[in-house]
């Protein structure tokens, strides 16, 4: 493999990249999502009354924080062409655990850490079924979506735990002093940097793209596909557990039906952020912009007095457009390349492949 | 190898198209709603922009109550707005409360999906100067200024006993068809009904209380069993909307139609055909339109500073008259509303 590669490099006649650097940086799906986010913010600032208040930033970031957090591991999972539908149920389960343990008199820190460990175990169950037993992640996590939610509701019934130490609920809600930015953004940014480095600057991260593009090829290239996927689901469970503890504190409320349906918001944002559902493509920055885009759009439209059904319709249309535009542009690009190929074929004899 | 394989997608066209689309949608929507969305009513005078936040939208019960609120707000010249989540989950109302606080509305009228989950958001809104009134379903008393209570347990129990006594001539055997055996509300009402019967209606004998578990089929079967066990039965009280509808369905197709009286708590849409075909003479529930109407006037009184939510405060509620604030900041709408053949056509919920 190495020998072939160096030989290729010695005789190749084409450039390392077919397009100049600025095009590669600017004309990506990530850039388009970020640009759209900037445009939405600018338009909202200009035309939506009260959007420019600092409260908007606080509320917006606080409410999307669980989605932002869970979107990090979800991005990695979808890049490997897998999916985790059980994340919201893990949020519900860990929320209930936090509540039950706090009610039983545990110190909150211990209850929170235990809940995160429960999330980790839930992720490990997913990972075990997917990698060791070898079942498809879609089927496994649909099952555990129901299973974890069922346990959560079963443990607490229809009641709710609502008494939490004020120190911790304040910690979850307070802003970073002197800014309108909620404190939860600190752990989020730490995690985002960690996941960003992991995905884009480590061999582990590169292997995720390899798995997503071609699992067999990745395995033959020395990637331990099973172990990699197991780790991803473990991370997903753990981060969902953390989000569950945060969610509990944010609303001072541990209930079995907390965060119902949130998995779809997370996946929608990841896909809007430019990650391909077929795996092998996507960047974390796009996903973060995608979450913020959906959140900002919702916030601006609510402020403008648009009803929730219409907001759902707009978010849905945006998502469909973004997926359709990706396929459409890929098709356009193939057409163009084949047209160029035909032209070259007519004007000159074919160049020998190295 | 893999990196060279990856396709890049120049998205200039899509970017522009998407951006244009979003911009159009945004401006379009805000242009259409600019009139009623904003809460700034100008400097002088009180900010009478009042937002109604039901448990969820598209619910006929809340459509009725919010229509009552809108009627009241139009009467005193405020601005009515209605927002709400599409599903009634515990935290789905939070973002709407936050939005109301950002808009700087004068008052927020909420039916809480969860007594605790929206508490902090409501208190943040109150800190931002929004008056918070709950109706239909309360939060913790320290998260709101007032609660508009649709009916007390005593009122509900008494009105049902009075209705059945009137329909069976104040004498004979009756039975109760309840929800589940451990339903808190129903058990409290049944206890009060038993007390009321013993004290004021000595000729009425309560023979049995059966439980239909708020399940249509179970309630239907229990009704059939009751009528076979007690051939002398003259009336049934069902203090649950599922039970009364199932019992009415059984009675309407049986030989007991018109002979055995049925009353309880029901909604007009469920009971309409049974009232029209003579199975049921009358039943009770509160009037959600009045509930919304009263909530709007209470919010107005709070905004204008006429009341602060203290016990003993009183305010004017338009066509409903004067109301007084009770303990814990609760305002009681009054006795349950009785629906019968004459007025059922006026309601749709």
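The values are calculated or read from the model by the stated rules, or taken from the named source; none is laboratory data. Please read these numbers as outputs of a predicted model, since none were measured by experiment. Please note: Cβ atoms are built from the backbone with ideal geometry, for glycine as well, and neighbour counts cover all protein chains shown.
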Sort out which residues of segment A:302-331 are under 20 Å from residue A:57 (Cβ atoms) and in contact (Cβ under 8 Å) with a residue 60 or more places away in the chain, and write them in order of number.
A:303, A:304
Exactly one of A:78, A:125, A:100 is buried (at least 24 other Cβ atoms within 10 Å of the Cβ) and in contact with a helix residue (DSSP H, G or I) (Cβ under 9 Å, 6 or more places away or on another chain), and that residue is A:78
Just to be sure before I move on: is residue B:192 buried (at least 19 other Cβ atoms within 10 Å of the Cβ), without any contact (Cβ under 8 Å) to a residue 40 or more places away in the chain, more than 14 Å from chain A (Cβ to nearest Cβ) and more than 21 Å from the chain's Cα centre (by Cα) in the structure I sent?
yes
Looking only at segment A:262-302, count how many residues are over 18 Å from residue A:87 (Cβ atoms), more than 10 Å from every other protein chain (Cβ to nearest Cβ) and outside any loop (DSSP other than H, G, I, E, B).
5
Only listed residue being in contact with a strand residue (DSSP E or B) (Cβ under 9 Å, 6 or more places away or on another chain) and in a helix (DSSP H, G or I), chosen from B:105, B:109, B:161:
B:161
The strands (runs of 3 or more DSSP E) lying wholly within segment B:267-349 that contain at least 2 residues that are within 22 Å of residue B:154 (Cα to Cα) are B:282-285, B:322-324, B:330-332, B:337-340
Looking at B:166, B:154, B:205, B:194, which is the one that is within 30 Å of residue B:119 (Cα to Cα) and either not assigned by TED's automatic domain parsing to the domain that holds residue B:261 or not in a loop (DSSP other than H, G, I, E, B) (or both)?
B:154
Taking into account only those residues within segment B:56-71 that are more than 14 Å from residue B:87 (Cα to Cα) and within 14 Å of another protein chain (Cβ to nearest Cβ), which is surrounded by the most Cβ atoms within 10 Å (Cβ to Cβ)?
B:66
For residue B:84: the one exception among (1) within 30 Å of residue B:306 (Cβ to Cβ); (2) in a loop (DSSP other than H, G, I, E, B); (3) at pLDDT below 50; (4) at the interface with chain A (Cβ under 8 Å from one of its Cβ atoms):
(3)
Could you go through segment A:303-321 and let me know if any residue there is surrounded by 23 or more Cβ atoms within 10 Å (Cβ to Cβ), part of a helix (DSSP H, G or I) and touching a helix residue (DSSP H, G or I) at 6+ places or on another chain (Cβ under 9 Å).
yes
Output the number of residues of segment B:103-138 satisfying the condition of being free of Cβ contacts under 8 Å to residues at least 24 places away in the same chain and facing another protein chain (nearest Cβ under 8 Å).
1
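Being at pLDDT below 75, farther than 30 Å from residue A:129 by Cβ, within 10 Å of another protein chain (Cβ to nearest Cβ) and surrounded by fewer than 24 Cβ atoms within 10 Å (Cβ to Cβ) is the requirement here; does residue A:12 meet it?
Considered against the rule, which asks whether it is at pLDDT below 75, farther than 30 Å from residue A:129 by Cβ, within 10 Å of another protein chain (Cβ to nearest Cβ) and surrounded by fewer than 24 Cβ atoms within 10 Å (Cβ to Cβ), residue A:12 comes out as no.
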Picked from segment A:172-193 (must be over 20 Å from residue A:258 (Cα atoms) and within 14 Å of another protein chain (Cβ to nearest Cβ)), the residue surrounded by the most Cβ atoms within 10 Å (Cβ to Cβ) is A:182
Could you pull out the residue among A:233, A:242 that is out of contact with any strand residue (DSSP E or B) (no Cβ under 8 Å at 6 or more places or on another chain) and over 22 Å from residue A:136 (Cα atoms)?
A:242
I'd like to check something: does segment B:100-109 contain any residue that is under 30 Å from residue B:282 (Cβ atoms) and surrounded by 20 or more Cβ atoms within 10 Å (Cβ to Cβ)?
yes
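Test of understanding: among A:88, A:44, A:65, A:71, which residue is within 10 Å of chain B (Cβ to nearest Cβ) and not in a loop (DSSP other than H, G, I, E, B)?
Only one candidate passes the filter, namely A:44.
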Give me the pairs, please: first residue somewhere in segment B:81-98 and in the same structural domain as residue B:130 (by TED's automatic domain parsing) and within 21 Å of residue B:299 (Cβ to Cβ), second residue anywhere and part of a helix (DSSP H, G or I) and at pLDDT below 85, beta-carbon distance under 7 Å, and either six or more positions apart or on two chains.
B:81/B:36; B:84/A:308; B:85/A:308
